[in-house]
Amino acid sequence: MFKVIVVLLLFMWPLLAFSETGLPAVTVVTNPDGTQDYSVSLQILFIMTALSLLPSALVMMSSFTRIVIVLSILRQAIGLQSTPSNQVLIGMALFLTLFIMSPTLDKINEQALQPYLNDQMVSIDAINAASVPLRDFMLAQTREDDIALFVKLAGKEGQIESLETLPFTILMPAFVSSELKTAFQIGFMIFIPFLIVDLVVASVLMAMGMMMLSPVIISLPFKIMLFVMIDGWSMIMGTLAASFGT
């Protein structure tokens, strides 16, 4: 028993010494203008926490949602269940998202990141400055009906003076709702030509009495050939980029 107590004291001694001396690096500095700035240690902690939320932010606050849904619907419309693979689709969506979001990212870098790195702006002000270009992008893609819906659900009708003061807690779900609606509208338009090919092939097989043969086996090569002949990938990428005003 005595040995166990000694071992526990040995392990706890650094913690006790640490609690006595404290951690001077973790400080909050009040600036002359009343704003607060945080020490480097706390900033690293906030950054690591933000990195864990980065996937959700990528989906919720960028063009990724619309792109990946349209590409998934395209794969389903052609009839290819696993080609291109999920890794390829997500990679395409990520790079296309980077292309579409590049003007917004450039503004964030110019208005928030560079002034912060050059010690011209405190962290809180940098976050507020970075949110402005992102808010403008999200508002440009969000329908007013979706904004009105979530404002009503939040019980803030008549309390929001303008869209510039719209909280992110309302803007984010409204933006995602609009992105889902737009993605399915584009997917519907993509699905129609391939559906027509399926119907034509099925009608021809029925007329020939080949009812035991699956129409999917015959229509799949024709759909792939049609998609390649019209340079489908370029059209899809261009349509997605143009849908964001890029």
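The values are calculated or read from the model by the stated rules, or taken from the named source; none is laboratory data. None of these values were measured; they are calculated from a predicted model. Note that each Cβ is placed from the backbone with ideal geometry, even for glycine, and that neighbours are counted across all protein chains shown. These accessible areas exclude ligands, DNA and RNA; they are computed on the full protein's heavy atoms, side chains included. Shrake-Rupley method; radii C 1.70, N 1.55, O 1.52, S 1.80 Å.
Here are the numbers for this structure:
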{"quantity": "Breaking point among (1) modelled with pLDDT of 80 or more; (2) touching a helix residue (DSSP H, G or I) at 6+ places or on another chain (Cβ under 8 Å); (3) within 22 Å of PHE95 (Cα to Cα), for MET235", "calculated": "(2)"}
{"quantity": "Conditions (1) part of a helix (DSSP H, G or I); (2) open to solvent by 80 Å² or more (accessible area, probe 1.4 Å): number failed by THR239", "calculated": "(2)"}
{"quantity": "The stretch 48-82: number of residues that are surrounded by 10 or more Cβ atoms within 10 Å (Cβ to Cβ), over 19 Å from PHE168 (Cα atoms) and not charged (D, E, K, R)", "calculated": "13"}
{"quantity": "Residue check, LEU94 in contact with a helix residue (DSSP H, G or I) (Cβ under 8 Å, 6 or more places away or on another chain), in a helix (DSSP H, G or I), farther than 16 Å from VAL59 by Cα and open to solvent by 70 Å² or more (accessible area, probe 1.4 Å)", "calculated": "no"}
{"quantity": "Residue list for the stretch 148-180, restricted to those being in contact (Cβ under 8 Å) with a residue 24 or more places away in the chain and acidic (Asp, Glu)", "calculated": "GLU164, GLU179"}
{"quantity": "Some residue of the stretch 51-61 being at positive phi and of a type outside the set (A, V, I, L, M, F, W, C)", "calculated": "no"}
{"quantity": "Residue within the stretch 107-122 that is modelled with pLDDT of 85 or more, out of contact with any Cys (no Cβ under 8 Å at 6 or more places or on another chain) and open to solvent by 80 Å² or more (accessible area, probe 1.4 Å) present", "calculated": "yes"}
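Each row is one residue, and each column tells you yes or no for (1) hydroxyl-bearing (Ser, Thr, Tyr); (2) open to solvent by 70 Å² or more (accessible area, probe 1.4 Å); (3) outside any helix (DSSP H, G or I).
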| residue | (1), (2), (3) |
| --- | --- |
| VAL176 | no, no, no |
| PHE184 | no, yes, no |
| PHE191 | no, yes, no |
| ASP198 | no, no, no |
| LEU205 | no, no, no |
| SER219 | yes, no, no |
